[in-house]
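One structure is given below, encoded as structure tokens.
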Amino acid sequence: MENLLAGKAVVLGVTGSIAAFKTPHIVSRLASLGANVIVVMTENATRFIAPLTFETLSGNEVVVSMWPETKVGVAELEEAVSGDDRLKHVALAEAADLAIVAPATANIIGKMAGGIADDFLSTELMAMTCPVLVAPAMNVNMLESDAVAENLTTLKERGVRIIEPGEGRLASGAVGRGRLADPDAIVDAALAVLVPGDLAGKRVVVTAGPTEEPIDPVRHIGNPSTGKMGFAVAERALSRGAEVVLISGRTALEPPVGARFVRVGTTREMLDAVLAELPELHMLVMAAAPADYRPAEVAEHKIKKRADTLNIQLVRTEDILSEVASKKQLGQGVVGFAVETRDEVPNARKKLEEKSLDLIVVNNPMVEGAGFGTDTNIATVIGRTGLEETVGRVSKDELADVILTFAIRELGWGKTDG
Ligand code: CTP
């Protein structure tokens, strides 16, 4: 992990927002990953934080002004970026592998969108040919103003990646959207651009959470799945470069930024959503807990309590994995999950065969630290070609990574195109 960004030059633009106090964390993490970080500040940014802070953390001089009276000129910068003489004649903009603006004020966003270059940072940004990440931070009313909203749309259309601001208490005292995104999320976004993931170019569809089968207009049959496992797989697949579609039943979780999110209710709806994606997907991860039975009839009106017992006849729902097994094409990978309370491995192997899976992840919710609603999981991962590995008490994020790694191996993707 240490030198993941060795040889990468990152230009980090800092503009005049109180959120600039969070930027040193970004510089320090990028530098510790081996990146050569060149901080470019606007004059206003220097009112919030001293250039010396960034110089100390990055080991490079900080650029503020265009003009020669400043102690650093472009030539020194080129040297700082390249570390050797060969690139001396190449502009900083060309030497950069990535530019980040964090925090980005309404002003710099407006200048970028409008093509205005009136200081070093805005001039640099206009000359950039590398990917650019912009992390806005401002008052909610400014963020939601037509001008800023349109400028952000313009930048997105030009391929600039916007790291959406979060919600919370703003410097103005107001509560709302506009807080600079979490600095670690900004570093993750930089990593995603600079280090191609092992799922780059793959479309991964993940299902998550429970499905619900209505009994009458106010009741349903459900189950306690929280969706945590599926959301973790979706998030990790995104970080590893995949294009992700997350199909989920009702959960309390925020879909990961960057995933296409499809909300479903019943097992039938989940099946339809999966089948709609099937022609284009490379991997399906069925982490959802779809209801296996639905009421034979849904009452038109609320069922009143009268008799002491109430019989509801249930009929089987569609088995999504079996339907996928009969329709999938060669090369499409399918990962299933199994919940078993005994004979986990033989039962899971049977399911793997019956549903033509490439990988199955089995867990026993009766074991402490596994199953519904917990943050950790203990699971055995079984592959079509004989792989069988039990993963100890790990977080669902870690298990998600293990599952993806095994799936990539099982499908033979790592061998040819990484
Ligand atoms: N699954 C599915 N369609 C359903 C129910 C489940 O595709 N209608 C998927 C789940 O997402 C999971 C796998 O099937 O990936 C295994 O689910 P599980 O409930 O363990 O097994 P079942 O196949 O339903 O069999 P049983 O309940 O008899 O163990």
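The values are calculated or read from the model by the stated rules, or taken from the named source; none is laboratory data. Computed from a predicted structure; not experimentally measured. Positions of Cβ are backbone-derived with ideal geometry, glycine not excepted, and every protein chain shown enters the neighbour counts. Note: accessible area is taken over every heavy atom of the protein model, side chains too, but ligands, DNA and RNA are not part of it. Shrake-Rupley method; radii C 1.70, N 1.55, O 1.52, S 1.80 Å.
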message: Taking the conditions exactly as written (under 30 Å from Lys328 (Cα atoms), crowded, with 18+ Cβ neighbours inside 10 Å and of a type in the set (Asp, Glu)), does Glu212 satisfy them or not?
response: yes
message: Pull out all pairs, ordered by first then second residue, where Cβ-Cβ is under 7 Å, the residues are six or more apart or on different chains, the first lies in segment 276-294 and is assigned by TED's automatic domain parsing to the domain that holds Phe231 and under 30 Å from Leu314 (Cβ atoms), and the second is near the ligand (Cβ under 10 Å from one of its atoms) and open to solvent by 40 Å² or more (accessible area, probe 1.4 Å).
response: Met286/Phe337; Ala287/Phe337; Ala289/Asn223; Ala291/Asn223; Asp292/Arg316; Tyr293/Arg316
query: Taking segment 236-260 on its own, how many of its residues are of a type outside the set (Gly, Ala, Ser) and open to solvent by 70 Å² or more (accessible area, probe 1.4 Å)?
result: 5
statement: Residue count, segment 111-143, condition within 19 Å of Ile18 (Cβ to Cβ) and of a type outside the set (A, V, I, L, M), comes to 3
message: Take the conditions assigned to a loop (DSSP other than H, G, I, E, B), open to solvent by 20 Å² or more (accessible area, probe 1.4 Å) and modelled with pLDDT of 95 or more and apply them to Gly16. Does it pass?
response: yes
message: Can you tell me which condition Ala9 does not meet? The list is (1) over 13 Å from Ile186 (Cβ atoms); (2) surrounded by fewer than 20 Cβ atoms within 10 Å (Cβ to Cβ), and all the others hold.
response: (2)
- request: Please identify the pairs in which a residue from segment 398-413 that is farther than 14 Å from Ala232 by Cβ has its Cβ atom under 7 Å from the Cβ atom of a residue that is in a helix (DSSP H, G or I), counting only partners at least 6 apart or on another chain.
  value: Ile408/Gly414
- prompt: What do you reckon, is Val402 open to solvent by 10 Å² or more (accessible area, probe 1.4 Å) and either in contact with a strand residue (DSSP E or B) (Cβ under 6 Å, 6 or more places away or on another chain) or not assigned by TED's automatic domain parsing to the domain that holds Ala273 (or both)?
  reply: yes
statement: Of those in segment 284-296 that are part of a loop (DSSP other than H, G, I, E, B) and hydrophobic (A, V, I, L, M, F, W, C), the residue farthest from the ligand (Cβ to nearest atom) is Ala296
message: Can you name every one of the strands (runs of 3 or more DSSP E) wholly within segment 157-275 that holds 1 or more residues which are modelled with pLDDT of 95 or more and assigned by TED's automatic domain parsing to the domain that holds Leu321?
response: 203-208, 213-216, 219-221, 243-248, 260-263
task: Working only within segment 22-44, note down all residues that are open to solvent by 10 Å² or more (accessible area, probe 1.4 Å) and within 10 Å of Pro183 (Cβ to Cβ).
output: Lys22, Pro24, His25, Ser28, Arg29
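So which residues in segment 98-128 are modelled with pLDDT of 95 or more and more than 29 Å from the chain's Cα centre (by Cα)?
Gly114, Gly115, Ile116
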Yes/no for Leu275 being surrounded by 13 or more Cβ atoms within 10 Å (Cβ to Cβ) and more than 10 Å from the ligand (Cβ to nearest atom): yes
